[in-house]
Amino acid sequence: MEAILKILTDLNIPYELQEHKAIFSEEDSKDVVITLEGTDVKNLFVKDRNNNYGLVSLDLHKRADLKKIAGILGFGRLSFCNPEELMHFLNIAPGSVTPLCIMFDTGNKVKVLLDENLIGKKVIIHPLRNTASISLSFYDLTRFIEHFNHTWSTGEFYKI
């Protein structure tokens with residue numbers, strides 16, 4: 001985790017850090033009190049049958065609509081990636097997925113999709129491990145993504 005914090009510092013991206021017990025799911029997060037300012041974010045790593053990959057970040061408490069996500073990304077029917085794909089493309093284990101792991105997609109195979117309702121807010125994400133959270137601005141998160149040669153798009157893609 002120290003490496004990612006150094007990168008954030010080198011990019012002049014301010015953040016706040018909080019250590020906590022491991023969070024693997026939205027259910028696990030109910031037992032953890034996060035005192036950081038911002039919107040808790042969940043992250044999904046998805047793919048379609050043609051091996052198009054997407055990293056999707058949205059409000060923790062919203063339910064993702066995979067059909068809408070597929071349409072925004074220009075993908076076919078989506079499924080969730082397995083642990084081997086997570087490790088291969090994003091160098092991350094299940095439960096620790098974060099938009100910060102886009103730095104490991106050096107082949108630029110993964111499209112990044114961010115919840116448009118996060119624009120202008122602070123977001124709370126894992127710093128490459130699920131035993132800590134950091135808060136940073138949406139703007140700084142997008143700067144980080146762009147620093148690692150990725151583009152990103154936004155959309156509203158929840159089930160109502």
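Considering only the range 68-88, how many residues are crowded, with 18+ Cβ neighbours inside 10 Å and touching a Lys or Arg at 6+ places or on another chain (Cβ under 6 Å)?
So the answer is 2.
Check LEU8 against each of (1) at pLDDT 95 or above; (2) buried (at least 18 other Cβ atoms within 10 Å of the Cβ); (3) under 15 Å from the mean Cα position of the chain (by Cα) and name the one condition it does not meet.
(3)
Just to confirm my filter: which strands (runs of 3 or more DSSP E) fall fully inside the range 1-96 and include at least 2 residues that are among the basic types (Lys, Arg)? Explain how you work it out, then say what you get.
On the way: elements: 16-19, 39-47, 53-59.
In the range 1-96, the matching strands (runs of 3 or more DSSP E) lie at 39-47.
Looking at this structure, is LYS111 touching a helix residue (DSSP H, G or I) at 6+ places or on another chain (Cβ under 8 Å), of a type in the set (D, E, K, R) and farther than 15 Å from THR39 by Cβ? Working first, answer last.
Details: touching a helix residue (DSSP H, G or I) at 6+ places or on another chain (Cβ under 8 Å): yes; of a type in the set (D, E, K, R): yes; farther than 15 Å from THR39 by Cβ: yes.
Taking the combined requirement at face value, the residue satisfies it.
Listed here are the residues, each with its yes/no results for (1) over 12 Å from the mean Cα position of the chain (by Cα); (2) at pLDDT below 95; (3) under 25 Å from ILE13 (Cβ atoms); (4) among the acidic types (Asp, Glu).
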position	(1), (2), (3), (4)
ARG49	yes, no, no, no
SER57	no, no, yes, no
PRO99	no, no, yes, no
THR131	yes, yes, yes, no
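Within the range 105-117, track down each residue that is of a type outside the set (D, E, K, R) and surrounded by fewer than 20 Cβ atoms within 10 Å (Cβ to Cβ). Please lay out each step first, then the result.
So the first thing to find is which residues in the range 105-117 are of a type outside the set (D, E, K, R), and the list is 106-108, 110, 112-114, 117.
Within the range 105-117, THR106, GLY107, ASN108, ASN117 qualify.
Could you identify the single residue in ASP59, ASP65 that is open to solvent by 20 Å² or more (accessible area, probe 1.4 Å), within 19 Å of HIS126 (Cβ to Cβ), in contact (Cβ under 8 Å) with a residue 40 or more places away in the chain and charged (D, E, K, R)?
Details: ASP65 fails: within 19 Å of HIS126 (Cβ to Cβ).
Result: ASP59 is the single residue among ASP59, ASP65 that is open to solvent by 20 Å² or more (accessible area, probe 1.4 Å), within 19 Å of HIS126 (Cβ to Cβ), in contact (Cβ under 8 Å) with a residue 40 or more places away in the chain and charged (D, E, K, R).
What number of residues in the range 127-149 are in a strand (DSSP E or B) and surrounded by fewer than 22 Cβ atoms within 10 Å (Cβ to Cβ)? Can you show your working first?
So in the range 127-149, the residues in a strand (DSSP E or B) come out as 132-137.
From what is left, the residues that are surrounded by fewer than 22 Cβ atoms within 10 Å (Cβ to Cβ) are 132, 135, 137.
The qualifying residues number 3.
With the requirement that a residue be over 16 Å from ASP140 (Cβ atoms) and of a type in the set (Val, Ile, Thr), what does the range 93-109 give you?
VAL97, THR106
Restricting attention to the range 23-46, does a residue exist that is modelled with pLDDT under 95, open to solvent by 70 Å² or more (accessible area, probe 1.4 Å), within 18 Å of LYS159 (Cα to Cα) and basic (Lys, Arg)?
no
The values are calculated or read from the model by the stated rules, or taken from the named source; none is laboratory data. Not measured: the values here are computed from a predicted model. Please note: Cβ atoms are built from the backbone with ideal geometry, for glycine as well, and neighbour counts cover all protein chains shown. For the accessible areas, the whole protein counts, side chains as well, though only heavy atoms, and no ligand, DNA or RNA atoms are used. Shrake-Rupley method; radii C 1.70, N 1.55, O 1.52, S 1.80 Å.
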